[in-house]
1. Can you say what percent of the DSSP beta bridges in the chain, counting only those with both residues inside, are antiparallel? Round to 5.
2. Whose amide H sits under 5 Å from the amide H of residue 206, counting only residues 5 or more places off or on another chain, with H placed in the peptide plane?
3. Quickly estimate the mean residue ellipticity at 222 nm for the chain, helices only: each DSSP H run with n ≥ 4 gives -39500 (n - 2.57), and the total goes over all residues, rounded to 500.
4. For the stretch 111-337, give me the percentage of DSSP beta bridges that are antiparallel, rounded to the nearest 5 percent.
5. Modelling each spin label as a point 7 Å along the Cα-to-Cβ direction, I'd like the residue 47/residue 308 distance in nm, to one decimal.
6. Residue 354: net charge of surrounding residues, Cβ under 11 Å, Lys/Arg +1, Asp/Glu -1, itself excluded?
7. Mean Kyte-Doolittle hydropathy of -1.0 or higher plus an axial Cα length of 27 Å or more: which whole DSSP H helices in the chain meet both?
8. Just flag the GluC sites (Glu not before Pro) in the stretch 300-406 sitting in loop per DSSP whose Cβ has no more than 12 other Cβ atoms within 10 Å.
Amino acid sequence: MLGEYRISGRRASDIAASVERAVGSGELAPGQVLPPMRELARQLEVNPNTVAAAYRTLRERGVIETAGRRGSRVRPRPASTARGSLRVEAPPGVRDLGDGNPDAALLPELGEAFAVVTQAYAREPGMYAQPAVVPEFAELARAAFEADGVPAGQMVATSGSLDAIERVLVAHLRPGDAVAVEDPGWGGLLDLVPALGMRPVPVAVDDDGPVPDALDAALRSGARAAVITDRAQNPTGAAIGAGRAIEIRAVLAGHRGVLLIEDDHGHAIVDQPVHPLAGATDRWAFVRSTAKAYGPDLRVAVLTGDPVTTDRVSGRQRLGPGWVSRLLQGALVHLWTTGAVDPAEVARSYGRRRDPLVRALADRGVEAHGRSGMNVWVPVTDETGAVARLLHAGWAAAPGARFRLASPQGIRLTVSTLTEADITPLADAVAEAVGPVKPLSYG
């Protein structure tokens, strides 16, 4: 079962360390099946409870996963290996369309905002025991949520979307629990779930978001949480429309005990309205990041949710970082109140690059997806070859492996730096790189 490698140790910590060393050295490969607990206990002459404790430690560290009667095995992707490392570095002279960054020209100037908040800070420095969320920040965020039909709830500021999602997952779930995630989906989330010792369950997506039947199947299989992107889904650009929202809410209504986390990171960069799912389950959180519209380095997101969820998240936050810098919150208040970003114009800007590229690829017989946001997803039959050929043609794309669990291969193109003059040569290069491709379905 393990080839020549022999797990060793008499204590649970030693057995876990033996497995972890072998995984790190490559002696135990991803997907390698581990011995049943009782069998390993006999080999090591220890109590089965000792092996059970070792396996539990390994699951919590994200080293192995357990699938019922199919036993325990080394995770297909060690939790310490970030999907972001699966990227192509663009050499000099090659256009980088794989970094996923927003267009810097569309981000607001921050000098005035920080000048205003630092002047206020000089008059009244921020101290301990002050509210974790700046009242004006909470009021503006709450008003924006209400305008979009998000149910009322406490406002919590976090250090970005992923921080918010992690805090919500940890507030309700434990290592070993299953989480329904979009596939293809955000690489950061696909890394986070196993790093928490949880098991990602892929849910197919199409241009309208998660496929209802696929979501239902994931929840019926035992997923205790579902993370769903409302708009500008990364990497496909999917956006949940009114009809799809009704279908998803119907699915969730049959699983009231599931934790629902909505990620609306596309707020202020898309022109499609949001159709919140919040409230379809008893436990829910709605997360909205400022990164794409106001700058990734601000590291601020706001979440709301049901009372239990927000209380747990804010309470645990107080025991760690305490709060997100009120200087950053104040800067965002200034940006929001002065209209530093015109969401409609930002959405049009990305649309002027994304939509023509999708059409140009279609004209060349290449399937492409990009309903909203700043990315275009191109299904391919040979991901590695397509990326290599594009690189040779002067374009660096993001390998689809960064975003996939079980879905078909693809590449992601970020349109942020494209100009009108780039569309034709890029479409020609992509068509040449991917070759004849049989249309692939997310479902």
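Readers should treat all values here as calculations from the given coordinates under stated rules, not as data from a laboratory. Predicted model only: the values in this text are computed from it and were never measured. As a convention, Cβ positions derive from the backbone with ideal geometry for all residues, glycine included, and neighbour counts pool all protein chains shown.
1. Values: 22 of 42 bridges.
The answer is about 50 percent antiparallel.
2. Close amide H contacts, sequence-distant or interchain: 211.
3. On the way: 15 runs with 174 residues, N = 443.
Only helices count here, giving -12000 deg cm²/dmol.
4. 35 percent
5. Calculated label separation equals 3.4 nm.
6. On the way: positive: 348, 352, 353, 359, 371; negative: 355.
Charge balance near residue 354 sits at +4.
7. Numbers: long enough: 343-363 (29 Å, -0.74).
Correct list, ordered by number: 343-363.
8. On the way: sites: 345, 367, 383; in loops: 367.
Nothing satisfies the criteria.
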